[in-house]
Amino acid sequence: QGRLPLHYALMRRTKGSSRSFNGLDVWSERIRDVLSRYPKGLTETDNHGCTPLHYFLGQAGSFKTNKPPNEELVTHLIAQCPPVCIQRRSDGLYPFAIAATNPVFPVSTIFELLRKIPDVLRLSRSL
């Protein structure tokens, strides 16, 4: 399916307590580990056109906790993502919209995504 290890790290949770508070921390640590080994993976899309950022924003809310993912990790992912990742849609949604539909992300996450590429709002209106 054209996925890299980073795609899989973002898609898969750990077994057992993967949906718990601890599972969120383990998941976040695994993402950091894979990113440190292959930072260019952030720009790669799979066969569905999804970047790792899409998977991160979508999967973060699947844990049974109201705790958002580590803010430092979120900030790092957004900062490292090139514009093309933030301008690419998945299932019709830009990353800021995916974050907006996920209750674990604070408004500051959506703001950071929009601040990086404000033109994405014009792109979404022209479609």
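The values are calculated or read from the model by the stated rules, or taken from the named source; none is laboratory data. A quick note: this is a predicted structure, and the numbers were derived from the prediction, not measured. Every residue, glycine as well, gets a Cβ built from its backbone with ideal geometry; the counts of neighbours run over all protein chains shown. Accessible surface areas use protein heavy atoms only, side chains included; no ligands, DNA or RNA. Shrake-Rupley method; radii C 1.70, N 1.55, O 1.52, S 1.80 Å.
Here are the numbers for this structure:
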{"read-out": "Index of the failed condition, ASN66 passing every other in (1) modelled with pLDDT of 75 or more; (2) surrounded by fewer than 15 Cβ atoms within 10 Å (Cβ to Cβ); (3) of a type in the set (S, T, N, Q)", "value": "(1)"}
{"read-out": "Region 39-54 residues that are on the phi > 0 side of the Ramachandran plot, paired with ones that are open to solvent by 10 Å² or more (accessible area, probe 1.4 Å) and of a type in the set (D, E, K, R) (beta carbon under 8 Å, 6 or more apart)", "value": "GLY49/ARG88; GLY49/ARG89"}
{"read-out": "Counted residues, region 77-127 - those being among the charged types (D, E, K, R), more than 13 Å from the chain's Cα centre (by Cα) and open to solvent by less than 80 Å² (accessible area, probe 1.4 Å)", "value": "2"}
{"read-out": "Sole residue being in a helix (DSSP H, G or I), more than 13 Å from the chain's Cα centre (by Cα) and modelled with pLDDT under 85, chosen from VAL74, VAL34", "value": "VAL34"}
{"read-out": "Complete set of residues in region 37-51 that are of a type in the set (D, E, K, R) and either more than 10 Å from LEU6 (Cα to Cα) or in a helix (DSSP H, G or I) (or both)", "value": "ARG37, LYS40, ASP46"}
